[in-house]
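The values are calculated or read from the model by the stated rules, or taken from the named source; none is laboratory data. Only a predicted model underlies this, so the values are computations on that prediction, with no experimental measurement involved. All Cβ positions, glycine included, derive from the backbone under ideal geometry; neighbour counts span all protein chains shown. SASA here: full protein model, heavy atoms, side chains in, ligands and nucleic acids out. Shrake-Rupley method; radii C 1.70, N 1.55, O 1.52, S 1.80 Å.
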Amino acid sequence: MSETITHCPYCSLNCGLKLIGDGVRVSGHEKWKSAPFSGGGLCAKGVTAWQQVHHPDRVLRPLVRRRGGFQETDWDEALDVAASGFARLRDRHGPAVNAVLTGASLTNEKAYVVGKFARLALRTPHVDPNGRLCMSAAGAAYTAAFGLDRAMVPLEDVNRAGLVVVIGANLPNAYPLFMPHLTRARRRGTRLVVIDPRGGKLLRPGDLHLPLRPGTDAALACGLLRALDDQGGIDRDFVARRTVGYADARAAVEPWTLERTGATTGLHPDTIADAARRLAGASHAMILHARGAEQHPTGTDNVLAWINLALARGLAGRAGCGIVTLTGQRNGQGAREHGQRCDQLPGYRRIDDPQHRRVVADRWGVSADELPGRGLSYVEILRAAARGEVRGMLVISTNPAVSAPDLGRVRAALATLEHLVVIDPFFSETCRHARVVLPGSTFAEEEGTVTTTDGRVLRVDRAIPPLAWRGDLDVLRGLARRLGALQHLDLHTAREVFDELRRLSDGAPADYAGLDWERLRDRGGVFWPAPRHRPEGTPRLYLDRFAHPDGRARFHPIHPRPPVVLPDAVYPLVLTTGRHRSHYLSGNQTRRIPSLVADAPEPLVEVHPDTAATVGLVHGRSALVTSRQGSAVLAWTPNPDLRPDTLFVAYHWPTINQLTAAHLDPVSGIAGVKHTPVRLHPADVVVAADVGPTGRGSERAVS
Ligand code: SF4
């Protein structure tokens, strides 16, 4: 038997584990007790992750659509059909007719190759990852405020913080292995301020809960900044030495009195004042935020407003202090650094910066003019498909037919594509629209590196060769060869790609140049930036200076805006979405694992008991949730820890994003899925519990 040290393929904590097998089959896992951060712990998803590897649903032979159905074929024919479709469209309509939707669960090496493939093989500007829908608002805000998009400090720093402010981050469900760190911190006296429409498992006696109205983050942050100032809680020395722009930011929050903030957010003014007092009284505090604060059409402003608060308290440059965005996906951090975004080149280089373009073009052996410019972002690509401007699409490691907002339109757009090629280990909902489905690899079949939510670069190793014979890098190389671009993508192993990526990032904002393939394993990971002269990396950023040329962080004046569409008489409630502990993203992997399906077989909309009574929901009978975009019949459960004007549902099933809208943040392109006006009624159907291995539950009338 063999042991392979690797990391869980799901959330961005990347807990370490050992896969057990014989080099051909994976048969289980064991604890890796010295794993960084998690120390061998795994949640229910991590424990069962190995079960996806030999799952009977795996797509192991390429599929090509013929006469209305899919037929298995060999790799050569499938790659020929896939590549020739893109080439034909490109010859007829120009390269921008093709697009690539990609994923933030890919390793750094695959993310790098996907970006290079799009620009040098397809020659299209349109490539963007699903991280656009998750982390882009935080990324835009961090870049604007600090000059760099990375968490300030390692997550372990919560153990040194007296106060942890958690904003729109459901830690027990979304980051289960974060909880032991919080438990240890609590034993030393750490208290939490939880800002979320839902309360729940995160709260303990002594904590403070601010159940704000969804969509009012910026207003709350502005009210807190003003209250902090009124209470004498501004760190004036830090603000003067290390920042610019405080006066303008302070002037912008002047209208945000406790009373106005309370009226806007639905919170009692005393609760807001209490939160400000706790912040002012904490010498060491960390602010953690996630999608609840970010997935709004004002997402970038929301994060900037919370950053203003962190800067005003001087929360930088010290252990146990900082503001950290918790990325959702396994490689949500690394996959946004290495060139698969429509506005970026590898190493966080900007695609619209002539100097950055020159550096990358030189190292890729092309002229800067040959590099496409800025393309469309994730949702914009889907909209362009609906208009017939994008006609060919490669989809890898993302499942827009479940996870994109306003699904009715997304599915229609996918159906209109002339040529859709999907690379996936499983036959996802998106595959139903494909012309060619190419088998993808699971985490056990790949090696490479991933970067945790706090910037630690880790090695992942493969336990077995790709079950479908070709790994993802090999598939992309095969397509590139058929598109006449093999000279740019003749990369055979993850280590080759890692070395190219590492060299290319030399001197870039996300500098991996000093990383060493072997030492990454020996040391349990290295925090970037790790330039050549500092290969040991940089766990804590901004000890002396921020990443802007003058070394100072930027305050931003924030003027809170209301949600694009407000609740009204027809749609009086607000639906907000999030994660369930047993599922990951669109559920393409986890909705096939028996114990995870048993724990959460179907979506369950949470309703405050008073609201349920008002609309006449009956225990055991389902609810009909309707928005302007669509409707869904859902099982429901009472949740007294939820605001009465708000509904919550986990988004891992195909029905949920039928309800959400795709209003985009103009800065980051993130979609506002956390605030959807809806109405709620009893449904005259019961949601059947027969969710099969594909997760496609049926809804049938029973009376
Ligand atoms: Fe760890 Fe996240 Fe995997 Fe759970 S899902 S084992 S918390 S990496």
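Residue by residue, here is whether (1) open to solvent by less than 10 Å² (accessible area, probe 1.4 Å); (2) touching a helix residue (DSSP H, G or I) at 6+ places or on another chain (Cβ under 8 Å) holds:
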{"site": "Ala141", "(1), (2)": "yes, yes"}
{"site": "Met152", "(1), (2)": "yes, yes"}
{"site": "Val158", "(1), (2)": "yes, yes"}
{"site": "Val166", "(1), (2)": "yes, no"}
{"site": "Asn173", "(1), (2)": "no, no"}
{"site": "Thr183", "(1), (2)": "no, no"}
{"site": "Arg191", "(1), (2)": "no, yes"}
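Report the residue count in the stretch 293-339 for those that are under 14 Å from the mean Cα position of the chain (by Cα) and among the hydroxyl-bearing types (Ser, Thr, Tyr).
Summing the residues that are under 14 Å from the mean Cα position of the chain (by Cα) and among the hydroxyl-bearing types (Ser, Thr, Tyr) in the stretch 293-339 gives 2.
Have a look at Ser34, Ser38, Ser84, Ser105 and point out the one that is within 16 Å of the ligand (Cβ to nearest atom), within 16 Å of Val422 (Cα to Cα) and not aliphatic (A, V, I, L, M).
Sole residue among the options that is within 16 Å of the ligand (Cβ to nearest atom), within 16 Å of Val422 (Cα to Cα) and not aliphatic (A, V, I, L, M): Ser105.
Kindly indicate the residue of the stretch 438-451 that is open to solvent by less than 10 Å² (accessible area, probe 1.4 Å) and either among the aliphatic types (A, V, I, L, M) or in a loop (DSSP other than H, G, I, E, B) (or both) and also nearest to His419 (Cα to Cα) among those meeting that condition.
Here the answer is Leu438.
For Glu389, which of the numbered conditions (1) part of a loop (DSSP other than H, G, I, E, B); (2) within 26 Å of Tyr175 (Cβ to Cβ); (3) not β-branched (Val, Ile, Thr) fails to hold?
Evaluating Glu389 over (1) part of a loop (DSSP other than H, G, I, E, B); (2) within 26 Å of Tyr175 (Cβ to Cβ); (3) not β-branched (Val, Ile, Thr) leaves (2) as the failure.
Yes/no matrix, rows are residues, columns are (1) touching a Leu at 6+ places or on another chain (Cβ under 7 Å); (2) within 16 Å of the ligand (Cβ to nearest atom); (3) in a loop (DSSP other than H, G, I, E, B):
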residue: Leu267; (1), (2), (3): yes, no, yes
residue: Ala276; (1), (2), (3): yes, no, no
residue: Leu279; (1), (2), (3): yes, no, no
residue: Asn302; (1), (2), (3): no, no, no
residue: Trp306; (1), (2), (3): no, no, no
residue: Ala310; (1), (2), (3): no, no, no
residue: Leu315; (1), (2), (3): no, no, yes
residue: Gly320; (1), (2), (3): no, no, yes
residue: Ile323; (1), (2), (3): yes, no, no
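If I filter the stretch 1-31 down to residues being within 18 Å of Ala463 (Cα to Cα) and among the hydroxyl-bearing types (Ser, Thr, Tyr), which single residue comes out as nearest to the ligand (Cβ to nearest atom)?
It comes out as Tyr10.
Taking the residues in the stretch 655-703 that are modelled with pLDDT under 75 and in contact with a helix residue (DSSP H, G or I) (Cβ under 6 Å, 6 or more places away or on another chain) as candidates, determine which candidate is nearest to Ile558 (Cα to Cα).
Top of the filtered list is Gly695.
Name the single residue that is surrounded by the most Cβ atoms within 10 Å (Cβ to Cβ) among those in the stretch 49-101 being farther than 27 Å from Ile381 by Cβ and of a type in the set (A, V, I, L, M).
Ala49
Go through (1) open to solvent by 30 Å² or more (accessible area, probe 1.4 Å); (2) within 16 Å of the ligand (Cβ to nearest atom) one by one and return the number of the condition Pro205 breaks.
Tallying (1) open to solvent by 30 Å² or more (accessible area, probe 1.4 Å); (2) within 16 Å of the ligand (Cβ to nearest atom), Pro205 fails exactly one: (2).
Mind counting the residues in the stretch 325-349 that are assigned to a loop (DSSP other than H, G, I, E, B) and on the phi > 0 side of the Ramachandran plot?
Count: 1.
Of the numbered conditions (1) of a type outside the set (D, E, K, R); (2) open to solvent by less than 10 Å² (accessible area, probe 1.4 Å); (3) at pLDDT below 95, Gly200 satisfies every one except a single condition; which is it?
(2)
Could you tell me which of the residues Ala612, Ala632 is within 26 Å of the chain's Cα centre (by Cα) and modelled with pLDDT of 95 or more?
Going through Ala612, Ala632 in turn, the sole match is Ala632.
Can you pull out every residue in the stretch 416-432 that is surrounded by fewer than 20 Cβ atoms within 10 Å (Cβ to Cβ) and over 22 Å from the mean Cα position of the chain (by Cα)?
Hits for the stretch 416-432 are Thr416, Glu418, Arg432.
Just for helices (runs of 4 or more DSSP H) wholly inside the stretch 134-236: which have at least 3 residues that are closer than 26 Å to Arg456 by Cβ?
Qualifying helices (runs of 4 or more DSSP H): 136-146, 171-174, 179-187.
Inspect all residues belonging to the stretch 139-150 and state whether any of them is touching a strand residue (DSSP E or B) at 6+ places or on another chain (Cβ under 7 Å), within 21 Å of Ala293 (Cα to Cα) and aliphatic (A, V, I, L, M).
For the stretch 139-150, residues touching a strand residue (DSSP E or B) at 6+ places or on another chain (Cβ under 7 Å), within 21 Å of Ala293 (Cα to Cα) and aliphatic (A, V, I, L, M): present.
Out of Ala413, Ala384, Ala361, I need the residue that is hydrophobic (A, V, I, L, M, F, W, C), within 23 Å of Ala137 (Cβ to Cβ) and out of contact with any Pro (no Cβ under 6 Å at 6 or more places or on another chain). Which one?
The unique qualifying residue is Ala384.
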